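A.B. asks: Take a look at the following structure, please.
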Amino acid sequence: MLARFFPFKERQTSLSKEVIAGATTFLTMSYIIFVNPSILAETGMDKEALIAVTCIVAAISTILMGLIPNVPIAMAPGMGLNAFFTYTIVITEGVSWQTALGIVFLAGCFFMILSLLGAREKIIRAIPPSLVTGIAVGIGLFLVFIGLKNLGVVVDHPATLVTLGPINTEVLLGLAGLFLIIVLYIRKIHGSILIGILVTTALALATGSISGSDELISSEISIAPVAFQLDIPGALKWNLLGIVFAILYIDLFDTLGTLVACSHEAGLVKKDGTIARISQMLGVDALATMLSGLLGTSPTTSYVESATGIAAGGKTGFTSLVTGVLFLIGLLFIPIIGIVPAYATAPALIIVGFLMIRQIVKIDFQDLEEAIPALITMIVMPLTFQISTGIAFGFISWGVIKLLLGKYKEIGWVMAIVIMLSILNLVSL
């Protein structure tokens, strides 16, 4: 029965390999259960409800990815997107988290329209590879900066803006977790980030830095404090258009980049270079973003950590099915997850940021007209604490340089529209 729906033999895999692959993907990306609620809770949202919603949205989205396009790609609230939701939309722009959820839902609706029209593939083909890489690296730098901030290594300073924070017990515990993750990752231990978070939390309990939970397993699971609290009318304002646009762009690049990379690994790329079932994957991605807004979390996207499961033998949607079920099981352990401190999850931000930053080798720094806009994109993001601002500056600078060099024909009509929308993005913000 399973073999009829999931083509194990055709894709040269087996049921046992798929189960192992699904568990591997879960172990590699399960840090999101800890990190996403920790970041979003800074908006004033209920942390326990966020833990439950993170598990539910990740489970549903990943299972849909396994059943509809039948691919071994997992989904969850995106790193970078959750930072944008918290630090840019809510904290910096002063938008309520309810309105921010409405913005996420609207972005999902726009994604669905773009996916049905096939526009998302056209947009990604029009963006210069150097800028796509620059965006990924910039988000990585932003995540590292936030990680260092949450760890307490970096603090604010009235004269120099930032400076080294006091080295206390919490900082030392966080650094211990960071170096543990680094060593485990270098040794290719699956679940290294999760292990680092758990060990740091255990050390925090042992030193009395945090208090334990009276419950081990959830007796009650409630998502009511955040679910269906989105404010769609509040999101339908002209001055918020730039934020909706920014989410569209961040999610667009994150998703398509991950799908392309994982599809190559999973053998889903056809001889002509096109990706099998790409339209179905993008459709599920759009549904997942809409679901995120409805249930109460930042946008959900495809996870590059899926590549670890693919490397372990996952080739069909059954891998995603296993991963999704494991996320549902995570719901039982919300009381334990809830005690994890921010300095225990901060190393995960730093490591994930590093994994994104290393893509910088793809940029040809000898080609200045491509490298400089990419560099501007990378630097502006963390320095302004706004991902959308970095994206906008990158696109605009690329277009200005091309115009001044008389190479306006290289811009193309799609990029011309993107640049104009980027200018609107800056003006609206």
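A.B. asks: What residue, of Ile113, Ile123, Ile91, is modelled with pLDDT under 85, in a helix (DSSP H, G or I) and out of contact with any Gly (no Cβ under 7 Å at 6 or more places or on another chain)?
C.D. replies: Ile123 is the lone residue from the list that is modelled with pLDDT under 85, in a helix (DSSP H, G or I) and out of contact with any Gly (no Cβ under 7 Å at 6 or more places or on another chain).
A.B. asks: What are the residue pairs meeting all of these: first residue in the stretch 164-179, first residue under 17 Å from Pro341 (Cα atoms), second residue among the aromatic types (Phe, Trp, Tyr) and surrounded by 13 or more Cβ atoms within 10 Å (Cβ to Cβ), Cβ atoms under 6 Å, and 6 or more apart or on different chains?
C.D. replies: Matching pairs, first to second residue: Glu170/Tyr343; Gly174/Tyr343.
A.B. asks: Tell me whether the stretch 51-67 contains one or more residues that are at pLDDT below 95, touching a helix residue (DSSP H, G or I) at 6+ places or on another chain (Cβ under 9 Å) and assigned to a loop (DSSP other than H, G, I, E, B).
C.D. replies: Within the stretch 51-67, none of the residues are at pLDDT below 95, touching a helix residue (DSSP H, G or I) at 6+ places or on another chain (Cβ under 9 Å) and assigned to a loop (DSSP other than H, G, I, E, B).
A.B. asks: For Leu259, state whether it is assigned to a helix (DSSP H, G or I), surrounded by fewer than 24 Cβ atoms within 10 Å (Cβ to Cβ) and out of contact with any Pro (no Cβ under 7 Å at 6 or more places or on another chain).
C.D. replies: no
A.B. asks: Does Leu40 satisfy the condition of being assigned to a helix (DSSP H, G or I) and modelled with pLDDT of 90 or more?
C.D. replies: yes
A.B. asks: Residue pairs, Cβ under 6 Å, 6 or more apart or interchain, first in the stretch 344-363 and surrounded by 24 or more Cβ atoms within 10 Å (Cβ to Cβ), second part of a loop (DSSP other than H, G, I, E, B) and not acidic (Asp, Glu). List them.
C.D. replies: Ala348/Tyr31; Val352/Met79
A.B. asks: If you don't mind, there's one more thing I want to ask. Just wondering, is there one or more residues in the stretch 55-65 that are free of Cβ contacts under 8 Å to residues at least 12 places away in the same chain and farther than 19 Å from Leu268 by Cβ?
C.D. replies: no
A.B. asks: From (1) assigned to a helix (DSSP H, G or I); (2) surrounded by fewer than 16 Cβ atoms within 10 Å (Cβ to Cβ); (3) free of Cβ contacts under 8 Å to residues at least 24 places away in the same chain, pick out the condition that doesn't hold for Leu424.
C.D. replies: It fails just one condition, (3).
A.B. asks: Residues that are assigned to a loop (DSSP other than H, G, I, E, B) and at positive phi: does the stretch 138-152 have at least one?
C.D. replies: Looking for residues that are assigned to a loop (DSSP other than H, G, I, E, B) and at positive phi, one finds at least one in the stretch 138-152, hence yes.
A.B. asks: Scanning for something within 30 Å of Ala58 (Cβ to Cβ), under 20 Å from the mean Cα position of the chain (by Cα) and charged (D, E, K, R), does the stretch 362-379 turn up at least one residue?
C.D. replies: Taking every residue of the stretch 362-379 in turn, none turns out to be within 30 Å of Ala58 (Cβ to Cβ), under 20 Å from the mean Cα position of the chain (by Cα) and charged (D, E, K, R).
A.B. asks: Here's a check for you: in the stretch 273-313, which residue that is assigned to a loop (DSSP other than H, G, I, E, B) and crowded, with 24+ Cβ neighbours inside 10 Å is modelled with the lowest pLDDT?
C.D. replies: Glu305
A.B. asks: Going residue by residue through the stretch 278-300, is there one that turns out to be in contact with a Lys or Arg (Cβ under 8 Å, 6 or more places away or on another chain), in contact (Cβ under 8 Å) with a residue 60 or more places away in the chain and either hydroxyl-bearing (Ser, Thr, Tyr) or over 22 Å from Ile89 (Cα atoms) (or both)?
C.D. replies: yes
A.B. asks: A further question follows. Look at Glu18 and say whether it is part of a helix (DSSP H, G or I), acidic (Asp, Glu) and closer than 20 Å to Phe327 by Cα.
C.D. replies: Considered against the rule, which asks whether it is part of a helix (DSSP H, G or I), acidic (Asp, Glu) and closer than 20 Å to Phe327 by Cα, Glu18 comes out as yes.
A.B. asks: Based on this model, can you work out whether Thr319 counts as touching a residue at least 24 places away in the same chain (Cβ under 8 Å), under 12 Å from Gly66 (Cβ atoms) and not small (Gly, Ala, Ser)?
C.D. replies: Judged against the criteria, Thr319 is a match.
A.B. asks: Thr88 versus (1) under 30 Å from Pro335 (Cβ atoms); (2) under 19 Å from the mean Cα position of the chain (by Cα): which is the lone unmet condition?
C.D. replies: The number of the failed condition is (1).
A.B. asks: Let me ask something additional. Does Thr200 count as in a helix (DSSP H, G or I), polar (S, T, N, Q) and either within 19 Å of the chain's Cα centre (by Cα) or surrounded by fewer than 23 Cβ atoms within 10 Å (Cβ to Cβ) (or both)?
C.D. replies: When the stated conditions are applied, Thr200 does not pass them.
A.B. asks: Only one of Ile167, Ile195 is in a loop (DSSP other than H, G, I, E, B), over 30 Å from Gly390 (Cα atoms) and either in contact with a helix residue (DSSP H, G or I) (Cβ under 9 Å, 6 or more places away or on another chain) or not basic (Lys, Arg) (or both); which?
C.D. replies: Just one listed residue meets the conditions, Ile167.
A.B. asks: Follow-up question, since we're still on this one. Just for the stretch 68-87: of the residues that are among the hydrophobic types (A, V, I, L, M, F, W, C) and in a loop (DSSP other than H, G, I, E, B), which one is surrounded by the fewest Cβ atoms within 10 Å (Cβ to Cβ)?
C.D. replies: Ranking the candidates gives Ile68 first.
A.B. asks: So in the stretch 1-56, with the set limited to residues that are touching a strand residue (DSSP E or B) at 6+ places or on another chain (Cβ under 8 Å) and not hydrophobic (A, V, I, L, M, F, W, C), which one is farthest from Phe228 (Cα to Cα)?
C.D. replies: It comes out as Asn36.
A.B. asks: When only residues in the stretch 12-59 that are in contact with a Leu (Cβ under 9 Å, 6 or more places away or on another chain) and among the charged types (D, E, K, R) count, which is surrounded by the fewest Cβ atoms within 10 Å (Cβ to Cβ)?
C.D. replies: Lys47
A.B. asks: Does Phe327 qualify as being in contact with a strand residue (DSSP E or B) (Cβ under 8 Å, 6 or more places away or on another chain) and assigned to a helix (DSSP H, G or I)?
C.D. replies: The answer is yes for Phe327.
The values are calculated or read from the model by the stated rules, or taken from the named source; none is laboratory data. Values in this document were obtained by computation on a predicted structure and should not be read as measured data. Glycine also receives a Cβ, built like all others from the backbone with ideal geometry; neighbour counts cover every protein chain displayed.
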